[in-house]
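A quick write-up on the structure given underneath.
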Amino acid sequence: MMSGFSKGSLALLFARTFSGLNVNALGYLLPVWIAPLSCVSLRLSFGAVVFWIVSIFSKPETVHWKDALKLIALGSLGIFGYMSLYALSISFTTPVNFAIFNAMQPLWVVIVSAVVYRESVDSRKLLGLAVGFVGALLCILSEPSESVASNPLLGNMLAIAASIIYAIYLVFSAKMVGHLSSVTILRYTFTSGAAVALAVMCFTGFSASIFAGKLHALPSIVLAFVLVFPTVVTYFLIPIGLKYLKSTVVALYGYVTLIVAAFFSFLFGMDHFHPIILLSLALIGVSIYLVGVVEGPRNVKDK
């Protein structure tokens, strides 16, 4: 029988792989085919509808009003804030650059956990984080300086802000998965996030040339992929990872997003492949293992 650590790790491996592909997909779509905030509105609305439909076939669950308020805050500030900064960042910088700065999540998770929950910082955990960060730095060094971006400085700053917000989301949502199902968490967070996004659309308007004129086959396929896999499947898998693994380990899997985004950027000719990426992948694997051993799995029982 598969252990909880294995279940959580497998769920995160798939989730972060889709997230890496999402970086490249959004890099293609934004802002030419759809405006950043319009894309966020579409993703959150689509996800909310799907999770409400799934909840119809799930076991009914009572949510205490305090938990409901926390979930609404996580959705309206956490998921909406992260997706918005994510989309805006991708519009100004390259997919690989975004993934590099987004990979700093483990550092922010450790800091937030230490400040909010007084979690101790083991020396071996710091070593694991350092090894993973070195792997990320190798990707930075392998990134060609002639990468094209409309405003890389602004895009990189937005990417850092996005990684901090998502780290906060991971730390606080990890406290919810112990007594609430993934479907319930996602139904509340995506609905509240969609409500905020649609409110913003009342002022900014919805802009998407992908829906104008004739059918645009490739952009439509890419958008469908973004809506189904990185939006629905990925966010459904992440609470599974949070159930069995601690938030620091979950954040470490963000390095997988970096590797996937870099690899497909190289594959599609956006950048040139460099052998150093293999060393980076090895270091990130070691990092996940070291922190996973120190943190250990969460003490949960399968329902």
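Here is a yes/no grid of residues against (1) touching a Cys at 6+ places or on another chain (Cβ under 6 Å); (2) farther than 30 Å from PRO60 by Cα; (3) not in a helix (DSSP H, G or I):
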| residue | (1), (2), (3) |
| --- | --- |
| LEU158 | no, yes, no |
| GLY178 | no, no, yes |
| LEU198 | no, no, no |
| PRO219 | no, yes, no |
| THR234 | no, no, no |
| GLY241 | no, no, no |
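Of everything listed in (1) modelled with pLDDT of 90 or more; (2) surrounded by fewer than 24 Cβ atoms within 10 Å (Cβ to Cβ), the single unmet condition for VAL177 is (1).
Might you check whether a residue that is of a type in the set (Gly, Ala, Ser), buried (at least 19 other Cβ atoms within 10 Å of the Cβ) and touching a Lys or Arg at 6+ places or on another chain (Cβ under 9 Å) occurs anywhere in the stretch 272-280?
No.
The listed residues are LEU198, LEU227, and the only one of them that is in contact (Cβ under 8 Å) with a residue 40 or more places away in the chain and surrounded by fewer than 16 Cβ atoms within 10 Å (Cβ to Cβ) turns out to be LEU198.
Being crowded, with 17+ Cβ neighbours inside 10 Å and among the hydroxyl-bearing types (Ser, Thr, Tyr) is the requirement here; does SER3 meet it? Spelling it out, it is not the case that SER3 is crowded, with 17+ Cβ neighbours inside 10 Å and among the hydroxyl-bearing types (Ser, Thr, Tyr). The helices (runs of 4 or more DSSP H) found entirely in the stretch 9-123 that carry 1 or more residues being at pLDDT 95 or above and within 15 Å of the chain's Cα centre (by Cα) are 36-56, 80-92. Scanning the stretch 257-270 for residues that are surrounded by fewer than 21 Cβ atoms within 10 Å (Cβ to Cβ), under 24 Å from PHE14 (Cβ atoms) and either in contact with a strand residue (DSSP E or B) (Cβ under 8 Å, 6 or more places away or on another chain) or at pLDDT below 80 (or both) yields PHE266, LEU267, PHE268, MET270.
The values are calculated or read from the model by the stated rules, or taken from the named source; none is laboratory data. Treat the numbers as computed from the prediction; the structure is a model and nothing was measured. Please note: Cβ atoms are built from the backbone with ideal geometry, for glycine as well, and neighbour counts cover all protein chains shown.
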